[in-house]
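A.B. asks: Before we start, here is the structure in question, set down as structure tokens.
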Amino acid sequence: MIWSLLGTVAKGAVDVMKTKTETKKLLAKAEQTHAIKMAEGKIDYEIAAQKNMKDSWRDEWFTILLSIPLVIVFISIFANKPEWVDKLKEGFDTLNSLPDWYIYALMAAIASSFGIKITDLAIKKFKK
């Protein structure tokens with residue numbers, strides 16, 4: 001009975017090792033296929049650019065920037081500083097008076113940072 005159990009455990013371990021090896025082979029093959037398609041020009045520049053941006057701080061920068069108003073609101077409540085919220089509203093009113101081209105450029109930069117193609121969004125909006 002113990003030998004049967006040990007045999008089952010050993011067979012399971014061998015199966016796990018085979019699966020890991022097959023996974024490594026599949027990943028290497030996928031990477032190779034990807035490189036070949038890039039060399040042939042079959043993969044868009046955007047996909048390659050997104051892969052190259054994986055170590056970029058741009059996403060984190062926009063996330064922090066967009067979180068600042070939220071943080072100010074909550075800190076103003078706990079610090080009993082309602083004037084901070086008034087200043088925040090004043091800042092948003094000032095942003096609201098900026099030229100449209102600047103707002104659109106900022107939105108495009110933020111959207112591209114998070115991998116959203118602004119052209120796709122615009123096309124969907126205008127098709128409705």
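A.B. asks: Could the peptides 102-112, 20-30 be put in order, highest first, of the mean number of other beta-carbon atoms found within 10 Å of their residues?
C.D. replies: 102-112, 20-30
A.B. asks: Tally up the carbon and sulfur contribution to the accessible surface of region 63-112 as a whole percent, 1.4 Å probe, everything protein left in place.
C.D. replies: 71
A.B. asks: Any chance you could run the full-extension gain for E22 through K81? It's 0.36 nm times the residue separation minus the Cα-Cα distance, nm to one decimal.
C.D. replies: 15.2 nm
The values are calculated or read from the model by the stated rules, or taken from the named source; none is laboratory data. Computed from a predicted structure; not experimentally measured. FYI the Cβ positions are ideal-geometry reconstructions off the backbone, even for glycines, and counts take in every protein chain you see. Only protein heavy atoms, including side chains, enter the accessible area calculation; ligands, DNA and RNA are left aside. Shrake-Rupley method; radii C 1.70, N 1.55, O 1.52, S 1.80 Å.
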